Each structure stands twice: as structure tokens, then as C-alpha cells.
1. Please give the net charge around residue 227, taking every other residue with its beta carbon less than 12 angstrom from that of residue 227, where Lys and Arg add +1 and Asp and Glu add -1.
2. If one takes the longest principal axis of the Cα atoms in the chain, at what angle in degrees, from 0 to 90 and to the nearest 10, does the Cα axis of helix 113-125 lie?
3. Please list 3J(HN,Hα) in residue order for the range 12-28, calculated via the Karplus relation 6.51 cos²θ - 1.76 cosθ + 1.60 where θ = phi - 60°; whole Hz, with x for glycine and proline.
4. Could you give the size of the charge dipole of the chain about its Cα centre, using +1 on the Cβ of each K and R and -1 on the Cβ of each D and E, expressed in debye and rounded to the nearest 20?
5. Using the Karplus equation 6.51 cos²θ - 1.76 cosθ + 1.60 (θ = phi - 60°), what ³J(HN,Hα) coupling, rounded to whole Hz, does each residue of the range 235-241 give in order, writing x for Gly and Pro?
6. Springs between alpha-carbon atoms under 10 Å, Gaussian network over the chain: tell me which of 135, 115, 45 tops the mean-square fluctuations.
7. Output the relative contact order of the chain, whole-number percent, from Cα pairs under 8 angstrom with separation of 6+ residues.
8. Which value in deg cm²/dmol, rounded to the nearest 500, describes the helix-derived mean residue ellipticity at 222 nm for the chain, given -39,500 (n - 2.57) per DSSP H run of n ≥ 4 and division by the residue count?
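What follows draws every value from the coordinates through simple rules; no lab data is involved. Please read these numbers as outputs of a predicted model, since none were measured by experiment. Note that we place each Cβ from the backbone using ideal geometry, even for glycine, and neighbour counts take in every protein chain shown.
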Amino acid sequence: MSVSDVIWHDAECGHYAEDLGLWRALADACGGPVLDIGAGTGRVALDLAAQGHEVTAVDIDAQLLDALGQRADRAGLATRIHTHCCDACNLEGLDRLFPLVLVPMQTVQLLGGRAGRRAFLRAVKQRLAPGGLLAMAVADALSAFDGDADGLPSPDERTLDGTTYSSQTVAITHTEKAATIHRVRTIGSAPQGAYYSIALDLLTADELETEALMLGYQRRPQRSIPETADYVGSTVVVVSA
């Protein structure tokens, strides 16, 4: 991964803040330590650590976690944030229990379908403290579109050292099992960008909740994160060990 890949992650995910209030409320209610799955460069982990919570940040990408660690150092939060690189479907190497596990920004829809989610749910169950909560954000309906220039959402952007990195969603396409978000990434004044796409498993909150209950979790009230002009809303499935 290059430095620019960290910037793309920041541009496409780092500005989102609509869910932070919910994660703070859950962390306040459950106490720490908190396990943040799909932590990336630390959007949620750094926010919770700044509120005084101890956070273990998990991601499969070591370089994103390196960026998170550097930011924690600069913010004086290094003692509250621990990074751990592993696959969310096995959580290998985590040897403590957590009263709260968070899965923000549709990370649960990137686990490779039902088999991947079942492996993930089993792995988390082994690492939840008795009565601990697992909270997973699921995107509300991702409507397919193939927009023209006048109908596109605002691009996601990040500027670093005078260079603007712009990521424009140009289409969302559906198959039977996935919704694929298609983007064009442009650096500075380049005449054309590079195409990039990411596929999210098509999944409803109720379907995810049912999968968790079948593995022995207990139902808790679902939560809602409203949509904004730039971001789709989410339903947060909450279950307990």
C-alpha cells in the first residue's frame, strides 16, 4: 500500500461523523476496553480514545493501522489505543475479552457473504465479555444508479501538501448478492482519474440479526443512523453474548 492509499481511505471514509455519537453512547454505557473492527486509520478509535476509552483497533491492513498509530502518538492517545492486524473472520491473536465490539461503516458487508459473517460472529462471540454487546452497522437500501454529471453526489476529497485527492461515486450496480460502488479517483489536476470499485454484500439488518441469533446471541434494540446529503443511512444491529 502506498501513502496515497492511506489518503484515499481518509478521503472516502474519514469525514463521516454521523455515527460517532452512537459509538460514544455505547462505549459510555458498556465501559472499556472497546474492540473496533475495520478501524482503518482511526476515525472511530481516535474519537473514542479522546473521550477517555481504551480501544483495540483491528484491521486487516497493517499500513492503515500504522497511520492510526502515528496519529494516536501525535494526539497523545497512544496509551489508550492498541492496534492489532488480523482477519476479522478469525480475530487471531486477540487474547482478552471486550464488553463492547463495534463494526462501523458497513464493514460487516465486506466479509465475503454469509460464510464469512458466520465465521466473524463466532470469532467475536469467543471474545465478548459475559453480557457484552456487538454493534454492527448495515447500510440502508443502496439504490442502483448510473448518473450523469448533473446527478452525481458530491465527491469525497482530501487535500495533503497542496494536492487534492478527489473520489467521485459515478455508479452503483447490483447483482443478486452484492451492491458495487464504482468511483473515479483523481489526483490534483490530472486530466482523468483511475476507476475503483468496492462490493458490499446485499444484506438487511433483520437478516444479520437472524444470523446472529442462530449462533446464540441475544437480541437487543436496533439503532438508526440517519442519512445525510452525502452518506447513506444505516441500521445498527445490536446483540449480546
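1. Here the charged neighbours net out to -4.
2. Approximately 40 degrees, to the nearest ten.
3. 8, 10, x, 8, 6, 9, 4, 8, 4, x, 5, 5, 4, 4, 5, 5, 4
4. Details: 19 positive and 31 negative charges, 175 e Å.
For this selection, approximately 840 debye.
5. With coefficients 6.51, -1.76 and 1.60, one gets 10, 9, 7, 10, 9, 10, 6 Hz.
6. 115
7. Reported relative contact order: 17 percent.
8. Numbers: 6 runs with 66 residues, N = 241.
It comes out at -8500 deg cm²/dmol, rounded to the nearest 500.
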